[in-house]
Every structure is written in structure tokens, then in C-alpha cells.
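These notes are about the structure you will find just below.
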Amino acid sequence: MDKNKFDAVFPIISSDLVEKIAGELDLADNEAITELYSSYLYEMLEKEETKVWQYSTEKLLELFLEERNNGKITFPQV
């Protein structure tokens with residue numbers, strides 16, 4: 001995906017994920033944003049070449065919770 005398209009879709013993905021995190025963990029949006037932005041998942045998500053952005057929001061939430069609870073992420077084999 002070219003940079004312009006990625007830059008257009010990335011905020012939508014991030015926003016949806018923040019909403020899911022806030023709901024799952026009963027956090028305010030700003031707390032959910034802080035949690036997401038400080039995660040390794042977010043570091044991988046913001047790099048287009050990792051293709052992590054292609055996962056569903058539900059899968060991204062699952063990976064986020066795995067990292068939060070276990071301190072590591074097991075990315076799916078593609």
C-alpha cells in the first residue's frame with residue numbers, strides 16, 4: 001500500500017482499536033490511547049511494512065491484551 005493510502009487508513013484503525021480497548025478495559029478514551037501508544041503492538045502497527053494493520057480490530061485487540069497480560073505478542077503466521 002502506498003504511503004498516502006496507509007496514512008489515510010491508519011487513524012481509522014487506531015481509533016477503532018482505542019474504542020475497543022476502552023470498552024474492554026473500562027478506560028476513558030485518553031487512558032486507552034496512552035495504553036495503546038505505549039505498546040509494542042502500536043510500534044508494529046504504525047509500520048506499514050509489517051502488515052499488522054491488515055488484522056481485524058478484534059484480532060488487534062486480542063494481540064494488545066496478550067501483550068498487556070503476558071508482556072509479549074504471538075503474531076499469527078500468515
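The values are calculated or read from the model by the stated rules, or taken from the named source; none is laboratory data. Not measured: the values here are computed from a predicted model. Positions of Cβ are generated from backbone atoms using ideal geometry, with glycine treated the same way; all protein chains shown enter the neighbour counts.
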Practice problem: Search segment 1-41 for residues being among the hydroxyl-bearing types (S, T, Y) and either free of Cβ contacts under 8 Å to residues at least 24 places away in the same chain or farther than 15 Å from E66 by Cα (or both), and hand back the single one that is surrounded by the most Cβ atoms within 10 Å (Cβ to Cβ). | Solution: S14
Exercise. Could you look through segment 42-59, keep only residues that are surrounded by 12 or more Cβ atoms within 10 Å (Cβ to Cβ) and among the hydroxyl-bearing types (S, T, Y), and pick out the one that is farthest from N69 (Cα to Cα)?
Key: T50
Quiz prompt | Condition met for Y42 (at pLDDT 95 or above and touching a helix residue (DSSP H, G or I) at 6+ places or on another chain (Cβ under 6 Å)) | solution = yes
Quiz item: On the given criteria, is T74 assigned to a helix (DSSP H, G or I) and hydroxyl-bearing (S, T, Y)?
Solution: no
